[in-house]
Amino acid sequence: MKNKTNYSKAHAKYLKKLKTDKVIVIFWRIVVIALFLGLWQLLADTGAIDPFFFSSPSRIFETIISLAGSGNLFIHIWTSLYETIIGFVLATLIGVFLAIILWWSERLRKVMEPYLIVLNSLPKIALGPMIILWVGSGPGATIVMCVLICIIITIISMLNAFISCDNDKILLMKSMHANKFQILFKLVLPNALPDFISVLKINVGMSWVGTIMGEYLSSRAGLGYLINYGSQVLQLDIVMASIVILCLLAGGMYGLVIPFEKKYKKG
């Protein structure tokens, strides 16, 4: 009974330490962003940096309020958001499916592997004019660009995860007369779950990159369009405001992935 009590106290102390560490990390995150914004505003107010070129937190806030008041901001946010979500989902699902096909056929994998490496190194922005010709300008082109940005890294990452599955476990399942479908769904896919979560986290950022690139090339709405418009008319406050909103949206999507990671670790 004494050992149980001692263990409980030690466990409670450990949990308290974890909670304290979490609070400290959150506190310092807030301090860092507050100091950054405060220093930025101070430098702009004192003329150490030119607000025309570097803007300032107060000017960005005023620009966001102005855009929101006109009603255009929410149209741009929604356009970028749904394009990103669709591209993110399509790239992830198609990428995982293609990775499964390549894992299934070793010969096909050996044939396609060098092409995947080449495609991954290809600057996707170079395909922009062709994408516009294929699907037209607007949301379709942006979604295609988003998918192209994410899909190759998804295929490569998930394929590596599938291949890295313990071969001894695969041989054990084969000795128990398990077929390839059973090996895939009962061993390979569960084993690749941590890598899948990592791919989701990577694709959150990459999908936003693809969306902004697509909107920058051909779009009449979206945050990428706002960034392009602001740079053309030399209204850098609009550019900075769009970037801030973009960071908030990307952070929100990233936050939606985190619970899956925590759930897996608990499991």
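Every read-out reported here was derived from the displayed coordinates using simple, explicitly stated rules and does not represent laboratory data. No experiment lies behind these values; they were computed from the predicted model shown. Because the Cβ atoms are built from the backbone with ideal geometry, glycine has one as well, and the counts that use them run over all protein chains shown.
The table below lists the values:
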quantity: Charge dipole (the chain, unit charges on Cβ, about Cα centre) - positive-most of SER231, SER80, LEU200; calculated: LEU200
quantity: Among GLY222, GLY87, GLY47: highest mean-square fluctuation, GNM of the chain, C-alpha pairs under 10 Å; calculated: GLY47
quantity: Sequence ranges 190-198, 141-149, ranked by mean other-Cβ count within 10 angstrom, highest first; calculated: 141-149, 190-198
quantity: Pairwise FRET efficiency - ASP195 versus VAL135, Cβ, R0 = 22 Å, nearest 0.05; calculated: 0.10
quantity: 222 nm mean residue ellipticity, helices alone, for the chain (DSSP H n ≥ 4; -39,500 (n - 2.57); rounded to 500); calculated: -28500 deg cm²/dmol
quantity: Cβ charges +1 (Lys, Arg) and -1 (Asp, Glu), total dipole of the chain, debye; calculated: 1840
quantity: Whole-Hz ³J(HN,Hα) from phi, Karplus 6.51 cos²θ - 1.76 cosθ + 1.60, for the range 239-256, glycine and proline x; calculated: 4, 5, 4, 5, 5, 4, 5, 4, 4, 5, 5, 5, x, x, 5, 4, x, 6
quantity: Phi to ³J(HN,Hα) by Karplus 6.51 cos²θ - 1.76 cosθ + 1.60 over the range 36-52, Hz, x for Gly, Pro; calculated: 4, 5, x, 5, 4, 5, 4, 5, 5, 5, 8, x, 5, 10, 7, x, 5
quantity: Kirkwood hydrodynamic radius over Cα pairs of the range 1-49, then Stokes diffusion coefficient at 20 °C and 1.002 mPa s, in µm²/s; calculated: 155
quantity: Charge tally in the Cβ shell below 15 Å around LEU234, where Lys, Arg are +1 and Asp, Glu are -1, LEU234 excluded; calculated: -1
quantity: Computed over the range 209-257, the ratio Rg/Rh where both radii use C-alpha atoms and Rh is Kirkwood; calculated: 1.02
quantity: Whole-Hz ³J(HN,Hα) from phi, Karplus 6.51 cos²θ - 1.76 cosθ + 1.60, for the range 22-29, glycine and proline x; calculated: 5, 5, 5, 4, 4, 4, 6, 4
quantity: Cα Rg, Dmax (largest Cα-Cα span) when computed across the chain, Å; calculated: 24.0, 76
quantity: Virtual spin-label span in nm between GLN41 and ASN72, 7 Å along Cα→Cβ; calculated: 2.6
quantity: Top of VAL89, VAL31, VAL239 by mean-square fluctuation, Gaussian network on the chain, Cα under 10 Å; calculated: VAL31
quantity: Student exercise, the range 1-49 dipole from Lys, Arg, Asp, Glu Cβ charges, in Debye to nearest 20; calculated: 800
quantity: Charge-dipole axis of the chain as Lys and Arg at +1 and Asp and Glu at -1 on Cβ define it, positive-most pick from LEU217, GLY138, PHE97; calculated: PHE97
quantity: Burial order of peptide ranges 11-20, 179-188, 77-86, 241-250 (average beta-carbon count within 10 Å, highest first); calculated: 77-86, 241-250, 179-188, 11-20
quantity: LYS19/ALA178 FRET efficiency (R0 41 Å; Cβ-Cβ; nearest 0.05); calculated: 0.40
